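**Student:** Structure incoming, see below.
The values are calculated or read from the model by the stated rules, or taken from the named source; none is laboratory data. This structure is a prediction, so every number in the text was calculated from the model and none was measured. A quick note on method: Cβ atoms are made from the backbone with ideal geometry, for glycine too, and the neighbour counts reach across all protein chains shown.
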Amino acid sequence: MTYRDAVHEALRDALQADPRVFLMGEDVGRYGGSYAVSKGLLEEFGPERIRDTPLSESAFVGAGIGAALGGLRPIVEVMTVNFSLLALDQIVNNAATLSHMSGGQLSVPLVIRLATGAGRQLAAQHSHSLEGWYAHIPGLRICAPATIEDARFMLAAALACPDPVLLFEHLYLYNMEGGVPPGLERVDLEHAAIRRAGKDVTLITYGWSLYKCLTAAEALAAQGIEAEVLDLRTLRPLDDAAIMASVRRTRRAVIVDEGWRSGSLSAELTTRIVEQAFYDLEAPVARVCTAEVPVPYAKHLEDAALPGPAAIEAAVRSVLARDGGG
Amino acid sequence: MSEAHEPAPTREEGLALLREMLRIRAFEDRCYRLYGEMKIRGFLHLYNGEEAVAVGTMQALEPSDAIVSTYREHGHAIARGIPMDRIMAELYGKQTGCSRGRGGSMHLFDASRGFYGGNAIVAGGLPIAVGLALAQALQHHRGITACFFGDGAVAEGEFHESLNLAALWRLPVLFLCENNLYAMGTALDRAQAETDITTKARAYRMEAAAVDGMDVFAVGAAVRSAARRVRAGGGPALLEMRTYRFRAHSMFDPQLYRDKAEIEAWQERGPVITLTRRLKALGLMSEEDYQRLEREAQTEVDAAVRFAEGSPWEPVSELERFVYAERAS
């Protein structure tokens, strides 16, 4: 099963389980989804529930908010996070505010799925990782399914949540092959997950960077360094308890984020670790982020801009060198 | 002005409409004073002059309909039946306010009355109205969604995207443009190459009509007729309510962009004064009737102010409630 298949199956399950669920977005129907996630769903569920929209991000995201207020459970697909900026008004000014601003009278049980990230030579208007921006906003829940199991089951958890949930699917992951652990039928939106246990350093990450961290951890293990890899899964609210528990155990943290470093999610994570676990640290927190450039087209430049296993390894070694460990 | 007037009103109908407009007028005049006394803070956008639009519209809609409104929405909220004391308490920022003190003047909500809020982003409510109508259509509800916005909104992309989507999917939205000629201080003809808003709506293949927004009967007739077609599945419609605000845009507006003569000319054909004259001319209302209605409106506003003054503040310990939905434990 690929990550794409897992999201597809999640959509099918949701549409079968609840008549209030429908999917809308650009080219989700006849075209089958720009990343082919919704292929075949139009034939199975019909045009009322698999709705192709005009290129009107603000209107169809806002319509998702209205439909959620009106008792439905819309899943809105925004082709990429870059296009979601055209709907930023609806997401930030409406979806995130209506519950609070109405004194709790309204809730917006809306799920927005967005492709995010770089790695396919799509250049600066299709490659950015803006989920950290959204994680700034109270009222939103921000999730980043990185594994097949999360791709398969996070959607159901998001639909069961009464709040607006943004699911960021890294575009590099759609072709990834894998499976779901036998017996697993649901996941939550609350907890970070340790994807590799280790005692020397915690790599804190999410999305496609998870696999770069796992690759780096393998290489480090060959050098006798055991890295723990923590997959955040949910970027807002952050699972502080899991982050601090791991960092207190390993006493060192490296944050790996495909977002830029300035004013970022990695800055927020660093601050929280300093605020909550400063005296448990053996070395300053380190970060591996995308270079501070709009992501370029040429393969060698794009590769150089993004976090990669080599940079992660180097960051880990430098953190260990700071306290004389390793 | 394409909508024909309906037959002459009965005394009861006429007095009921005037009563509603006087309630709004009295409420807004009191808000003006209370702002000066610093009882109400934030932005305050008063509805004086536009009362016929809210009153004519709301009495033509049904309780099952959904309403999406703007930041100049006190009149809409009152005419929809939200208790005046809850609205005043919201303006005071009190716990008993219709948004528990979190919204203020620009964000009045009442889910039980299908009132989905004043939206302070110009045109920001239109996509939500499209979605509410989508929910009504997919669930085969009888209700329609009435969406208020001002003439300023037609310059926004969300206006065009929303009209197109509603028309494309034939959704039950009644778009109600309150054209008071100025987007804050910018006159329509200084912002729009095409100033006829109905022409824009027709470009999206929906029925559209301009209405004398100073005549509560014309508004009621137009909304009844358009709502009937929308409710029957005829797709969305747009009504351009031609109206005028008598007061400044907000409390911070010195009104440098329009002259007094223009304001006075519109005041002369204001909705309250013309209905009063008409009912008297038809012999349906005496001066005593009018005085009584005005007194009752003042009494209601007095009670609303007393309620707001006497209401508790939301405890600061509750500050972070409702950011996320509270699940039943």
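**Student:** I'm trying to understand the selection: among the residues of the stretch A:57-90, which are in contact with a Lys or Arg (Cβ under 6 Å, 6 or more places away or on another chain) and within 7 Å of chain B (Cβ to nearest Cβ)?
**Tutor:** Hit for the stretch A:57-90 is A:Leu72, nothing else.
**Student:** Only residues in the stretch B:104-119 that are more than 8 Å from chain A (Cβ to nearest Cβ) count as the first member; pair them with residues that are among the acidic types (Asp, Glu) and part of a helix (DSSP H, G or I), Cβ under 7 angstrom, at least 6 apart or cross-chain, and list the lot.
**Tutor:** Correct list of pairs: B:Gly104/B:Glu90; B:Leu108/B:Glu90.
**Student:** For the list (1) touching a helix residue (DSSP H, G or I) at 6+ places or on another chain (Cβ under 9 Å); (2) surrounded by 13 or more Cβ atoms within 10 Å (Cβ to Cβ); (3) among the basic types (Lys, Arg); (4) at pLDDT 95 or above, I need the number of the one condition that B:Arg306 fails.
**Tutor:** Every listed condition holds for B:Arg306 apart from (2).
The rows are residues; the columns are (1) more than 30 Å from B:Met251 (Cβ to Cβ); (2) modelled with pLDDT of 95 or more.
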position	(1), (2)
B:Asn179	no, yes
B:Gln192	no, no
B:Ala203	yes, yes
B:Ala208	yes, yes
B:Phe217	yes, yes
B:Ala221	yes, yes
B:Gly234	yes, yes
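**Student:** Can we say B:Ser250 is within 20 Å of the chain's Cα centre (by Cα), at pLDDT below 95 and not in a strand (DSSP E or B)?
**Tutor:** yes
**Student:** Sort out which residues of the stretch B:95-147 are hydroxyl-bearing (Ser, Thr, Tyr), surrounded by fewer than 24 Cβ atoms within 10 Å (Cβ to Cβ) and out of contact with any Lys or Arg (no Cβ under 7 Å at 6 or more places or on another chain), and write them in order of number.
**Tutor:** Result: B:Ser112, single match.
Matching residues to (1) closer than 22 Å to B:Arg25 by Cα; (2) of a type in the set (Lys, Arg):
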{"site": "B:Ala167", "(1), (2)": "no, no"}
{"site": "B:Arg190", "(1), (2)": "no, yes"}
{"site": "B:Thr195", "(1), (2)": "no, no"}
{"site": "B:Asp212", "(1), (2)": "yes, no"}
{"site": "B:Gly233", "(1), (2)": "no, no"}
{"site": "B:Thr243", "(1), (2)": "yes, no"}
{"site": "B:Ala248", "(1), (2)": "yes, no"}
{"site": "B:Phe252", "(1), (2)": "yes, no"}
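For every residue, the table says whether it meets (1) touching a Pro at 6+ places or on another chain (Cβ under 8 Å); (2) within 14 Å of chain A (Cβ to nearest Cβ).
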{"residue": "B:Gly36", "(1), (2)": "no, no"}
{"residue": "B:Arg41", "(1), (2)": "no, no"}
{"residue": "B:His45", "(1), (2)": "no, no"}
{"residue": "B:Thr70", "(1), (2)": "no, yes"}
{"residue": "B:Ala77", "(1), (2)": "no, yes"}
{"residue": "B:Ile87", "(1), (2)": "no, yes"}
{"residue": "B:Lys94", "(1), (2)": "yes, yes"}
{"residue": "B:Ser99", "(1), (2)": "no, yes"}
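Condition check ((1) within 13 Å of chain A (Cβ to nearest Cβ); (2) out of contact with any helix residue (DSSP H, G or I) (no Cβ under 6 Å at 6 or more places or on another chain); (3) surrounded by fewer than 21 Cβ atoms within 10 Å (Cβ to Cβ)) across all residues:
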{"site": "B:Asn164", "(1), (2), (3)": "yes, yes, yes"}
{"site": "B:Leu168", "(1), (2), (3)": "yes, yes, yes"}
{"site": "B:Leu171", "(1), (2), (3)": "yes, no, no"}
{"site": "B:Asn180", "(1), (2), (3)": "no, yes, no"}
{"site": "B:Met184", "(1), (2), (3)": "no, yes, yes"}
{"site": "B:Ala193", "(1), (2), (3)": "no, yes, yes"}
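**Student:** Would you please name the residue that is farthest from B:Leu275 (Cα to Cα), looking only at residues in the stretch B:42-59 that are in a loop (DSSP other than H, G, I, E, B) and in contact with a Ser or Thr (Cβ under 9 Å, 6 or more places away or on another chain)?
**Tutor:** Here is the first cut: in the stretch B:42-59, the residues in a loop (DSSP other than H, G, I, E, B) are B:42-50, B:59.
Next, from what is left, pick out any that are in contact with a Ser or Thr (Cβ under 9 Å, 6 or more places away or on another chain): B:42-46, B:49-50.
Working: B:Gly42: 33, B:Phe43: 30, B:Leu44: 26, B:His45: 24, B:Leu46: 20, B:Gly49: 12, B:Glu50: 13 Å.
Restricting to residues being in a loop (DSSP other than H, G, I, E, B) and in contact with a Ser or Thr (Cβ under 9 Å, 6 or more places away or on another chain), the top hit is B:Gly42.
**Student:** Just give me the residues in the stretch A:245-289 being under 20 Å from the mean Cα position of the chain (by Cα) and on the phi > 0 side of the Ramachandran plot, in sequence order.
**Tutor:** A:Gly263
**Student:** Out of the residues in the stretch A:254-276 that are under 16 Å from A:Arg322 (Cβ atoms) and without any contact (Cβ under 8 Å) to a residue 60 or more places away in the chain, state the one that is surrounded by the fewest Cβ atoms within 10 Å (Cβ to Cβ).
**Tutor:** Across the stretch A:254-276, the extreme among qualifying residues is A:Val274.
**Student:** Take A:Asp231 and decide whether it is of a type in the set (Asp, Glu) and buried (at least 24 other Cβ atoms within 10 Å of the Cβ). Can you show your working first?
**Tutor:** Values: of a type in the set (Asp, Glu): yes; buried (at least 24 other Cβ atoms within 10 Å of the Cβ): yes.
When the stated conditions are applied, A:Asp231 passes them.
**Student:** Taking A:Tyr31 as the residue in question, decide whether it is in contact (Cβ under 8 Å) with a residue 60 or more places away in the chain and either outside the structural domain of A:Pro164 (by TED's automatic domain parsing) or in a loop (DSSP other than H, G, I, E, B) (or both).
**Tutor:** Values: in contact (Cβ under 8 Å) with a residue 60 or more places away in the chain: no; either outside the structural domain of A:Pro164 (by TED's automatic domain parsing) or in a loop (DSSP other than H, G, I, E, B) (or both): yes.
Spelling it out, it is not the case that A:Tyr31 is in contact (Cβ under 8 Å) with a residue 60 or more places away in the chain and either outside the structural domain of A:Pro164 (by TED's automatic domain parsing) or in a loop (DSSP other than H, G, I, E, B) (or both).
Conditions tested, residue by residue: (1) in the same structural domain as A:Gly308 (by TED's automatic domain parsing); (2) touching a residue at least 24 places away in the same chain (Cβ under 8 Å); (3) surrounded by 24 or more Cβ atoms within 10 Å (Cβ to Cβ).
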position	(1), (2), (3)
A:Gln105	no, no, no
A:Ile112	no, yes, yes
A:Gly119	no, yes, no
A:Ala123	no, yes, no
A:Glu131	no, yes, yes
A:Pro138	no, yes, no
A:Ile142	no, yes, yes
A:Ala146	no, yes, yes
A:Phe153	no, yes, no
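**Student:** Let me ask you something else. For the stretch B:132-207, please list each of the helices (runs of 4 or more DSSP H) lying entirely inside it that holds at least 1 residues being in contact with a Phe, Trp or Tyr (Cβ under 8 Å, 6 or more places away or on another chain) and over 22 Å from A:Glu26 (Cβ atoms).
**Tutor:** Working: elements: B:157-168, B:188-191, B:197-203.
Of the helices (runs of 4 or more DSSP H) lying wholly inside the stretch B:132-207, those with at least 1 residues that are in contact with a Phe, Trp or Tyr (Cβ under 8 Å, 6 or more places away or on another chain) and over 22 Å from A:Glu26 (Cβ atoms) span B:188-191, B:197-203.
**Student:** Being in contact with an Asp or Glu (Cβ under 6 Å, 6 or more places away or on another chain), more than 8 Å from chain B (Cβ to nearest Cβ) and at pLDDT 95 or above narrows it down to one residue among A:Arg113, A:Arg49, A:Arg12; which is it?
**Tutor:** None of the others qualify; the one that does is A:Arg113.
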